[in-house]
Amino acid sequence: EAGVLTAGAWDDNRNFARFLSYRDEVFKSGVPGLLPISVEEHQAANAALAQPSAKQKLDVSLVIDTTGSMGDEIAYLQKEFDALAATIQAKFPGAEQRWSLVVYRDETDSYVVRWFDFRADTGEFRTKLAAQSAGGGGDFPEAADRAVDVGTRLSWRQDSNVAKLMFWVADAPHHAGTEQKLADAIRGARTKGIHIYPVASSGIDELTELTMRSSAQLTGGRYLFLTDDSGVGGAHKEPNIACYFVTKLDKAILRMVDIEMSGVYREPEASDVLRTGGDPQSGVCQLDGGEQVQIY
C-alpha cells in the first residue's frame, strides 16, 4: 500500500570518522567484491563537499532492482509516485521536475537493464513505472554495476542550479568481479554532480550496506534503509549506524529532496517520527565515551 514502507536515513559525510571506522571493519573481514576505492579517495570526496546551496530545478532518477524479491518495493513506488510528485510540485512549483527510470535484473534474466530517459511529463513517467514488475534473479548478486552506469549516462541537466538525485533501490549486491565497473560508475555520478541516495531493502548483506553507503558518501548523497516497522516484506538488516529516526519512506524521500532543493539540513517533523534508533536530541546523539554523531 502507498505510505506503508518505513525507513531511516544517515549521512556518512557528516559522520565521516565513523564511516571510515565501519569501512575498516568490513575490509578486515575479507568479504569478496569490495569496491576498489581507497581511504584517500573517500577523504578527498569528503573534503571537496561544498556548503549546500539552494537549487531551482530538479532531476530525479529511480534505479530499481526488479528481481523477484523486490515486489513490495516496486508496488510501493508505483502507488506513491503521484503523491511524491504532487508534494514536490506544491512546495517547489518552479522546479520543472523531471524523472527517469532505470530497472535491472541479471545476466540470465529476460533483460539486464532497461531505461526510460528524463521526461517532464509525470504522467508519462507514471505509465512507465506502472508497467514494471518483479521477476527473475535466482542468485543473490545482480547487475548493479550496469544499472548505475546507465543511470549516470542519462540526459541530466548540466546547469549548476539543478539538484540531481539518483534513488538506487535494491536488496542485493553486485557480482564479485564487477566491483571495478561499479566503482567507476559511482565516480561517473560524482563527476556529473549526481547525488546517489541508496534505498537498502529487505535482506541486504554487509557488502551491500558498505557499497551503498560508499556510493552515497562519494557523491554527496545519504544512505536510506528500510526498517521492519512497516511489517511489510522480509526482515531488514539493522544498519551499522549509531542513531537515526524512522519515518515513512515517502517522508524520507521528500525530506532528501527538500534538503537538496533548499540547501538546508533538517530533522523530520516530530509528527513524522515513528521511532528512533538510539536517543537523538537536538540533532545529535551522545554515544558511550563522549562521542557525538549528527543524525540528519
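Points to keep in mind about this one:
- Positive contributions from Lys and Arg (+1) and negative ones from Asp and Glu (-1), summed over other residues with Cβ under 13 Å from the Cβ of Ala130, come out at 0.
- Summing Lys and Arg as +1 and Asp and Glu as -1 over all other residues whose Cβ lies under 10 Å from the Cβ of Arg114 gives a net charge of +2.
- Straightening the chain between Val31 and Arg157 buys 41.6 nm, computed as 0.36 nm per residue apart minus the Cα-Cα spacing.
- For the pair Ser21 and Ala54, the difference between a 0.36 nm per residue extended length and the Cα-Cα distance amounts to 8.7 nm.
- Reciprocal of mean inverse Cα separation for the range 227-273 (Kirkwood radius, Å): 12.2
- In the chain, helical runs assigned H by DSSP with n ≥ 4 each contribute -39500 (n - 2.57); averaged across all residues and rounded to the nearest 500, the mean residue ellipticity at 222 nm is -11000 deg cm²/dmol.
- The value of relative contact order for the range 60-130, using C-alpha pairs under 8 Å at least six residues apart, is 37 percent.
- With the largest listed first and rounded to whole Å, the semi-axes of the equivalent ellipsoid of the range 134-255 from the Cα gyration tensor are 23, 19, 13.
- Per residue, in Å², the accessible surface of the chain once ligands and nucleic acids are set aside, probe 1.4 Å: 41
- Between Ala120, Ala185, Ala242, the Gaussian network model of the chain with springs among Cα atoms under 10 angstrom shows the greatest mean-square fluctuation at Ala120.
- For Cα extents along the principal axes in Å, computed directly from the structure shown, the correct entry in [x] 126, 54, 30; [y] 70, 46, 43; [z] 52, 43, 39 is [z].
- Carbon plus sulfur fraction of accessible area for the chain, probe 1.4 Å, in percent: 48
- The smallest convex shape that holds all Cα atoms of the range 135-201, its convex hull, gives 86 Å³ per residue.
- In plain terms, if you count all Cα to Cα distances in the range 18-99 and split them into 10 Å steps from zero, the share in each step is 12, 24, 26, 32, 5 percent.
- Share antiparallel - DSSP beta bridges, the chain, percent rounded to 5: 45
- The range 209-296 shape via C-alpha gyration tensor axes, a/c threshold 1.5: rounded
- Taking 19 Å as the cut-off, the amide N atoms of the range 47-69 that come nearer than this to a point 7 Å along the Cα-to-beta-carbon line of Ser262 belong to 51-59.
The values are calculated or read from the model by the stated rules, or taken from the named source; none is laboratory data. Note that the structure is predicted; figures quoted are calculated from it, not measured. Reconstructed Cβ throughout: ideal geometry from the backbone, glycine too, with neighbour counts over all protein chains shown. Protein only, heavy atoms only, side chains kept; ligands, DNA and RNA dropped before computing areas. Shrake-Rupley method; radii C 1.70, N 1.55, O 1.52, S 1.80 Å.
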